[in-house]
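The values are calculated or read from the model by the stated rules, or taken from the named source; none is laboratory data. Computed from a predicted structure; not experimentally measured. Note that each Cβ is placed from the backbone with ideal geometry, even for glycine, and that neighbours are counted across all protein chains shown.
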Amino acid sequence: MDDGDFQAALQREKLAALRELAYGLSHEINNPLANIATRAQTLLRDETDPDRRRALATINVQAFRAHEMIADMMLFAKPPEMVPRQVDAVQIADAVIAEMAAEAKEQGTALVRSGLRGPLEFSADAVQLTVALRAVVLNSLQALGAGGRVEIAVSAADNAVTFRVSDNGPGLSDQAKRHMFDPYYSGREAGRGLGLGLSKCWRIVELHGGRIEVESELGNGATISLHLPLER
(Lines give C-alpha, C1' and ligand atoms only; values in the text may rest on other atoms or scores of the structure.)
Protein backbone atom coordinates (compact mmCIF):
# COMPACT_ATOMS: atom_id res chain seq x y z
CA MET A 1 0.00 0.00 0.00
CA ASP A 2 1.52 3.32 -1.08
CA ASP A 3 1.27 6.51 0.97
CA GLY A 4 -1.75 7.80 -0.96
CA ASP A 5 -3.72 4.58 -0.40
CA PHE A 6 -2.70 4.55 3.26
CA GLN A 7 -3.88 8.13 3.78
CA ALA A 8 -7.18 7.38 2.03
CA ALA A 9 -7.73 4.31 4.19
CA LEU A 10 -6.85 6.27 7.32
CA GLN A 11 -9.32 9.00 6.36
CA ARG A 12 -12.08 6.42 5.83
CA GLU A 13 -11.39 4.94 9.27
CA LYS A 14 -11.48 8.41 10.88
CA LEU A 15 -14.82 9.16 9.25
CA ALA A 16 -16.22 5.80 10.35
CA ALA A 17 -15.08 6.42 13.94
CA LEU A 18 -16.59 9.92 13.90
CA ARG A 19 -19.86 8.53 12.54
CA GLU A 20 -20.06 6.02 15.37
CA LEU A 21 -19.25 8.74 17.91
CA ALA A 22 -21.92 11.02 16.44
CA TYR A 23 -24.55 8.26 16.58
CA GLY A 24 -23.63 7.49 20.18
CA LEU A 25 -23.74 11.14 21.24
CA SER A 26 -27.04 11.63 19.47
CA HIS A 27 -28.60 8.73 21.34
CA GLU A 28 -27.03 9.24 24.77
CA ILE A 29 -26.87 13.04 25.05
CA ASN A 30 -29.69 14.53 22.98
CA ASN A 31 -32.42 13.19 25.28
CA PRO A 32 -30.89 14.69 28.48
CA LEU A 33 -30.27 17.95 26.59
CA ALA A 34 -33.92 18.05 25.53
CA ASN A 35 -35.00 17.50 29.14
CA ILE A 36 -32.70 20.28 30.37
CA ALA A 37 -33.97 22.72 27.74
CA THR A 38 -37.61 21.84 28.40
CA ARG A 39 -37.19 22.22 32.16
CA ALA A 40 -35.41 25.57 31.78
CA GLN A 41 -38.18 26.86 29.50
CA THR A 42 -40.85 25.73 31.98
CA LEU A 43 -39.14 27.46 34.91
CA LEU A 44 -38.55 30.55 32.80
CA ARG A 45 -42.26 31.02 32.17
CA ASP A 46 -43.02 31.46 35.88
CA GLU A 47 -39.79 33.15 36.99
CA THR A 48 -39.92 36.89 37.75
CA ASP A 49 -36.48 37.51 39.24
CA PRO A 50 -34.30 39.10 36.49
CA ASP A 51 -31.08 37.35 37.52
CA ARG A 52 -32.75 33.94 37.61
CA ARG A 53 -34.43 34.60 34.27
CA ARG A 54 -31.04 35.37 32.72
CA ALA A 55 -29.55 32.22 34.23
CA LEU A 56 -32.40 30.03 32.95
CA ALA A 57 -32.21 31.62 29.50
CA THR A 58 -28.47 30.88 29.41
CA ILE A 59 -29.09 27.23 30.35
CA ASN A 60 -31.63 26.94 27.55
CA VAL A 61 -29.32 28.53 24.95
CA GLN A 62 -26.35 26.38 25.92
CA ALA A 63 -28.44 23.19 25.80
CA PHE A 64 -29.47 24.05 22.25
CA ARG A 65 -25.87 24.90 21.38
CA ALA A 66 -24.73 21.44 22.50
CA HIS A 67 -27.54 19.88 20.46
CA GLU A 68 -26.42 21.82 17.37
CA MET A 69 -22.83 20.62 17.86
CA ILE A 70 -24.02 17.01 17.79
CA ALA A 71 -26.13 17.76 14.70
CA ASP A 72 -23.01 19.22 13.04
CA MET A 73 -21.07 16.05 13.80
CA MET A 74 -23.83 13.97 12.21
CA LEU A 75 -23.85 16.25 9.16
CA PHE A 76 -20.08 15.87 8.78
CA ALA A 77 -20.05 12.10 9.35
CA LYS A 78 -23.07 11.42 7.15
CA PRO A 79 -23.94 14.44 4.99
CA PRO A 80 -27.21 14.56 3.05
CA GLU A 81 -27.17 13.21 -0.47
CA MET A 82 -25.99 15.79 -2.97
CA VAL A 83 -28.44 17.25 -5.47
CA PRO A 84 -26.23 18.44 -8.33
CA ARG A 85 -27.57 20.79 -10.99
CA GLN A 86 -26.22 23.51 -13.25
CA VAL A 87 -25.16 26.41 -11.04
CA ASP A 88 -23.27 29.65 -11.57
CA ALA A 89 -20.01 29.80 -9.60
CA VAL A 90 -19.91 33.60 -9.82
CA GLN A 91 -23.44 33.85 -8.47
CA ILE A 92 -22.58 31.57 -5.53
CA ALA A 93 -19.55 33.70 -4.63
CA ASP A 94 -21.58 36.91 -4.85
CA ALA A 95 -24.31 35.40 -2.66
CA VAL A 96 -21.79 34.46 0.04
CA ILE A 97 -20.29 37.95 -0.03
CA ALA A 98 -23.75 39.50 0.32
CA GLU A 99 -24.54 37.17 3.22
CA MET A 100 -21.28 37.91 5.07
CA ALA A 101 -21.15 41.65 4.23
CA ALA A 102 -22.72 42.82 7.49
CA GLU A 103 -20.30 40.80 9.64
CA ALA A 104 -17.33 42.04 7.62
CA LYS A 105 -18.49 45.65 7.88
CA GLU A 106 -19.00 45.36 11.63
CA GLN A 107 -15.36 44.36 12.15
CA GLY A 108 -14.06 46.82 9.57
CA THR A 109 -12.87 44.16 7.11
CA ALA A 110 -13.01 44.69 3.34
CA LEU A 111 -14.80 41.72 1.73
CA VAL A 112 -14.42 41.80 -2.05
CA ARG A 113 -14.60 39.56 -5.09
CA SER A 114 -12.26 39.35 -8.06
CA GLY A 115 -11.76 37.11 -11.06
CA LEU A 116 -14.52 36.24 -13.54
CA ARG A 117 -17.44 38.65 -13.78
CA GLY A 118 -19.67 36.74 -16.14
CA PRO A 119 -21.47 33.46 -15.47
CA LEU A 120 -19.46 30.26 -14.98
CA GLU A 121 -21.79 27.28 -15.01
CA PHE A 122 -20.93 23.80 -13.79
CA SER A 123 -22.64 20.89 -12.02
CA ALA A 124 -22.75 21.14 -8.24
CA ASP A 125 -25.03 21.14 -5.20
CA ALA A 126 -25.57 24.88 -4.74
CA VAL A 127 -26.73 24.63 -1.12
CA GLN A 128 -23.80 22.51 0.08
CA LEU A 129 -21.25 24.44 -1.96
CA THR A 130 -22.51 27.69 -0.41
CA VAL A 131 -22.03 26.14 3.04
CA ALA A 132 -18.45 25.20 2.12
CA LEU A 133 -17.51 28.62 0.74
CA ARG A 134 -19.18 30.42 3.65
CA ALA A 135 -17.11 28.37 6.12
CA VAL A 136 -13.85 29.45 4.44
CA VAL A 137 -14.85 33.13 4.37
CA LEU A 138 -15.94 32.99 8.02
CA ASN A 139 -12.61 31.39 8.90
CA SER A 140 -10.77 34.33 7.32
CA LEU A 141 -12.97 36.91 9.04
CA GLN A 142 -12.39 35.26 12.41
CA ALA A 143 -8.64 35.10 11.79
CA LEU A 144 -8.54 38.83 11.08
CA GLY A 145 -10.84 39.80 13.94
CA ALA A 146 -10.76 43.46 12.86
CA GLY A 147 -9.62 45.35 9.77
CA GLY A 148 -7.77 43.69 6.95
CA ARG A 149 -9.07 42.30 3.69
CA VAL A 150 -10.71 39.07 2.49
CA GLU A 151 -10.93 38.43 -1.25
CA ILE A 152 -12.85 35.74 -3.12
CA ALA A 153 -11.58 35.04 -6.64
CA VAL A 154 -13.49 32.84 -9.09
CA SER A 155 -11.65 31.26 -12.00
CA ALA A 156 -11.67 28.29 -14.36
CA ALA A 157 -8.67 26.38 -15.70
CA ASP A 158 -7.62 22.79 -16.40
CA ASN A 159 -11.23 21.57 -16.36
CA ALA A 160 -11.74 22.89 -12.83
CA VAL A 161 -13.66 25.72 -11.17
CA THR A 162 -11.68 27.40 -8.40
CA PHE A 163 -12.91 29.50 -5.51
CA ARG A 164 -9.83 31.14 -3.99
CA VAL A 165 -10.32 32.86 -0.61
CA SER A 166 -7.36 35.01 0.47
CA ASP A 167 -6.82 37.11 3.58
CA ASN A 168 -4.00 39.21 4.99
CA GLY A 169 -4.38 37.84 8.49
CA PRO A 170 -1.84 36.18 10.81
CA GLY A 171 -1.31 33.12 8.62
CA LEU A 172 -0.97 29.47 9.63
CA SER A 173 1.76 27.36 11.14
CA ASP A 174 2.68 24.02 9.54
CA GLN A 175 0.84 22.21 12.34
CA ALA A 176 -2.29 24.32 11.86
CA LYS A 177 -2.22 23.61 8.11
CA ARG A 178 -2.01 19.86 8.76
CA HIS A 179 -4.96 19.83 11.15
CA MET A 180 -7.19 22.76 10.15
CA PHE A 181 -9.78 20.48 8.53
CA ASP A 182 -9.94 18.11 11.52
CA PRO A 183 -13.20 18.38 13.49
CA TYR A 184 -12.88 20.78 16.43
CA TYR A 185 -9.20 21.41 15.90
CA SER A 186 -8.37 24.87 17.27
CA GLY A 187 -5.57 26.82 15.60
CA ARG A 188 -5.48 29.32 18.43
CA GLU A 189 -2.24 30.98 17.39
CA ALA A 190 -3.94 32.00 14.13
CA GLY A 191 -7.47 32.45 15.43
CA ARG A 192 -8.72 29.67 13.18
CA GLY A 193 -10.25 26.25 13.15
CA LEU A 194 -12.44 25.73 16.22
CA GLY A 195 -15.63 23.92 15.28
CA LEU A 196 -16.79 21.88 12.31
CA GLY A 197 -17.08 24.57 9.64
CA LEU A 198 -13.86 23.80 7.79
CA SER A 199 -14.34 20.06 8.29
CA LYS A 200 -17.74 20.27 6.60
CA CYS A 201 -16.14 22.33 3.84
CA TRP A 202 -13.56 19.61 3.22
CA ARG A 203 -16.28 16.93 3.25
CA ILE A 204 -18.46 18.82 0.76
CA VAL A 205 -15.57 19.45 -1.62
CA GLU A 206 -14.57 15.79 -1.40
CA LEU A 207 -18.13 14.69 -2.22
CA HIS A 208 -18.01 16.91 -5.30
CA GLY A 209 -14.86 15.10 -6.43
CA GLY A 210 -12.74 18.18 -5.75
CA ARG A 211 -9.79 19.08 -3.57
CA ILE A 212 -8.66 21.88 -1.24
CA GLU A 213 -5.32 23.64 -1.40
CA VAL A 214 -3.93 25.71 1.50
CA GLU A 215 -1.15 28.27 1.04
CA SER A 216 0.03 30.14 4.13
CA GLU A 217 2.91 31.10 6.34
CA LEU A 218 2.81 32.62 9.80
CA GLY A 219 2.56 36.38 9.51
CA ASN A 220 1.79 36.32 5.77
CA GLY A 221 -1.93 35.68 5.50
CA ALA A 222 -3.60 32.61 4.04
CA THR A 223 -5.19 31.45 0.80
CA ILE A 224 -7.60 28.52 0.73
CA SER A 225 -8.61 27.29 -2.72
CA LEU A 226 -11.56 25.02 -3.47
CA HIS A 227 -10.96 23.21 -6.76
CA LEU A 228 -14.07 21.53 -8.20
CA PRO A 229 -14.40 19.61 -11.48
CA LEU A 230 -15.91 21.69 -14.27
CA GLU A 231 -17.30 18.54 -15.87
CA ARG A 232 -18.36 15.40 -14.02
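Scanning the stretch 118-134 for residues being over 12 Å from Ile92 (Cα atoms) and crowded, with 23+ Cβ neighbours inside 10 Å gives a total of 0.
Scanning the stretch 124-139 for residues that are in contact with a strand residue (DSSP E or B) (Cβ under 6 Å, 6 or more places away or on another chain) and either not in a helix (DSSP H, G or I) or not assigned by TED's automatic domain parsing to the domain that holds Val214 (or both) yields a single hit, Ala124.
In the set (1) more than 15 Å from Leu226 (Cα to Cα); (2) outside any loop (DSSP other than H, G, I, E, B), Pro119 fails one condition alone, (2). For the stretch 91-110, the criterion of being part of a loop (DSSP other than H, G, I, E, B) and either under 16 Å from the mean Cα position of the chain (by Cα) or under 21 Å from Ser155 (Cα atoms) (or both) is met by no residue. Exactly one residue out of Ala17, Ala71, Ala63 is at pLDDT below 75 and either within 24 Å of Gly197 (Cβ to Cβ) or in the same structural domain as Leu129 (by TED's automatic domain parsing) (or both): that is Ala17. Taking the conditions (1) farther than 17 Å from Leu207 by Cβ; (2) under 18 Å from the mean Cα position of the chain (by Cα); (3) in a helix (DSSP H, G or I) in turn, Leu172 satisfies each one other than (3).
With respect to being under 17 Å from Glu231 (Cα atoms), surrounded by fewer than 20 Cβ atoms within 10 Å (Cβ to Cβ) and not basic (Lys, Arg), Gln107 falls outside the description.
Is at least one residue of the stretch 215-225 under 21 Å from Asp88 (Cα atoms), in contact with a strand residue (DSSP E or B) (Cβ under 6 Å, 6 or more places away or on another chain), modelled with pLDDT of 75 or more and surrounded by 15 or more Cβ atoms within 10 Å (Cβ to Cβ)? Yes, the stretch 215-225 has at least one match.
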